[in-house]
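Reading through the structure tokens given below for one structure.
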Amino acid sequence: MSIVNESEAADINIVWVADFPKEVSKVQESIQKLGFRLAPKTTETACFVLYEDKSNN
């Protein structure tokens, strides 16, 4: 999971989380304890998909 700094704050203001939870369900609670909140954002991401065609055509 990537964390993107869109705050336009200097790099010296970036908060490093030493004990980031490994369970996705606990991430929001951990972030809130630091005084932040998660905000949904839709972005386009390019990807390349490989699959095996098993239709025997």
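Computed from the coordinates by the stated procedures, all read-outs in this text should not be read as laboratory data. Bear in mind that the values here come from a model prediction, so they are computed numbers and not experimental data.
Data table
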quantity: Contour minus Cα-Cα distance for Glu8 and Lys26 (0.36 nm per residue); calculated: 3.8 nm
quantity: Whole-Hz ³J(HN,Hα) from phi, Karplus 6.51 cos²θ - 1.76 cosθ + 1.60, for the range 33-45, glycine and proline x; calculated: 5, 8, x, 10, 9, 8, 10, x, 8, 9, 9, 8, 10
